[in-house]
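S.K.: What follows is a structure written as structure tokens; I'll ask about it next.
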Amino acid sequence: MAKYDSDDASSAGLFNPQGKHSPSHGYCQREGNLVVVRNGTRLPDYCIKCGEPAEHRLIRKLSWHPPIYYLLVLVGLLVYIIVALIVRKTATIDIGLCERHLRRRWAWIAFGWMIALGGIATTVPGFNSQELVVLVPVGMSMLVLGMIGGIIGSRTVTPDKIDDRFTWLKGCRPEFLAVACDPVGGTMSDPWIDGR
Ligand SMILES: [Zn+2]
């Protein structure tokens, strides 16, 4: 049985004698496909993509605001950005990845950069020659697709919600949920998800 000696953890309702992990090694719960953690948590030492032991750690700085604020884009992009910076909630989460999934993440980043830089290289002749002007939209498309592909392909976790204490994470696979997380309300004497 894991030993719990953190006052901070027990006062936060994280005390969980039946739990799989002590707070110092990261404690999380699963809520459907989401992982719920206290802000600033180090997730357990399992790869979030496959549930195998994690050889690598990655710090993710996450930011979130209620989706309704996206409507402000219709008013003006600058208005949205200013309001979003004011109302957003942030959290830093330390996640684990295995060697295979860390390599896959870097491969996506490299792939995205290659396509994006190839797009820039494609665009340049289009600006210099009337006959090759068709290369401009082709290159610009490659630039955008490379950036989007790289970002999406290398993505690890994203916030579904952040409040003052907890983060609801998307992106952890069922294999991780099975080995690393307790079900919400499963073994908790004092569930801390109340009032979501
Ligand atoms: Zn993995």
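The values are calculated or read from the model by the stated rules, or taken from the named source; none is laboratory data. Since this is a predicted model, take the numbers as computed values, not measurements. When we count neighbours, we look across all protein chains shown, and the Cβ atoms used for this are built from the backbone with ideal geometry, even at glycine.
S.K.: Quick check: is even one residue across the range 131-151 under 25 Å from T167 (Cβ atoms) and either hydroxyl-bearing (S, T, Y) or within 16 Å of the ligand (Cβ to nearest atom) (or both)?
M.R.: No, the range 131-151 contains no residue that is under 25 Å from T167 (Cβ atoms) and either hydroxyl-bearing (S, T, Y) or within 16 Å of the ligand (Cβ to nearest atom) (or both).
S.K.: Take R155 and decide whether it is modelled with pLDDT under 95, closer than 30 Å to P44 by Cα, basic (K, R) and within 16 Å of the ligand (Cβ to nearest atom).
M.R.: Here the answer is yes, as R155 does meet what is asked.
S.K.: All but one of (1) away from the ligand (no atom under 16 Å from the Cβ); (2) of a type outside the set (S, T, Y); (3) within 29 Å of F166 (Cβ to Cβ) hold for P125, so report the exception by its number.
M.R.: (3)
S.K.: May I pose another question? For the range 23-45, does any single residue satisfy the condition of being at pLDDT 95 or above and part of a strand (DSSP E or B)?
M.R.: Looking for residues that are at pLDDT 95 or above and part of a strand (DSSP E or B), one finds none in the range 23-45, hence no.
S.K.: Looking only at the range 76-107, filter to residues that are among the hydrophobic types (A, V, I, L, M, F, W, C) and within 16 Å of the ligand (Cβ to nearest atom); which one of those is nearest to C28 (Cα to Cα)?
M.R.: I95
S.K.: A further question follows. Pairs needed: first member in the range 120-136, closer than 17 Å to M147 by Cα; second member anywhere, surrounded by 15 or more Cβ atoms within 10 Å (Cβ to Cβ) and of a type in the set (A, V, I, L, M, F, W, C); C-beta distance under 7 Å; at least 6 residues apart or different chains.
M.R.: Once the first residue is closer than 17 Å to M147 by Cα and sits in the range 120-136, its partners that are surrounded by 15 or more Cβ atoms within 10 Å (Cβ to Cβ) and of a type in the set (A, V, I, L, M, F, W, C) give I120/L143; T122/L135; T122/M142; T123/L135; T123/V136; T123/M140.
S.K.: In the range 46-75, how many are away from the ligand (no atom under 16 Å from the Cβ) and more than 21 Å from T90 (Cα to Cα)?
M.R.: Of the residues in that region, 2 qualify.
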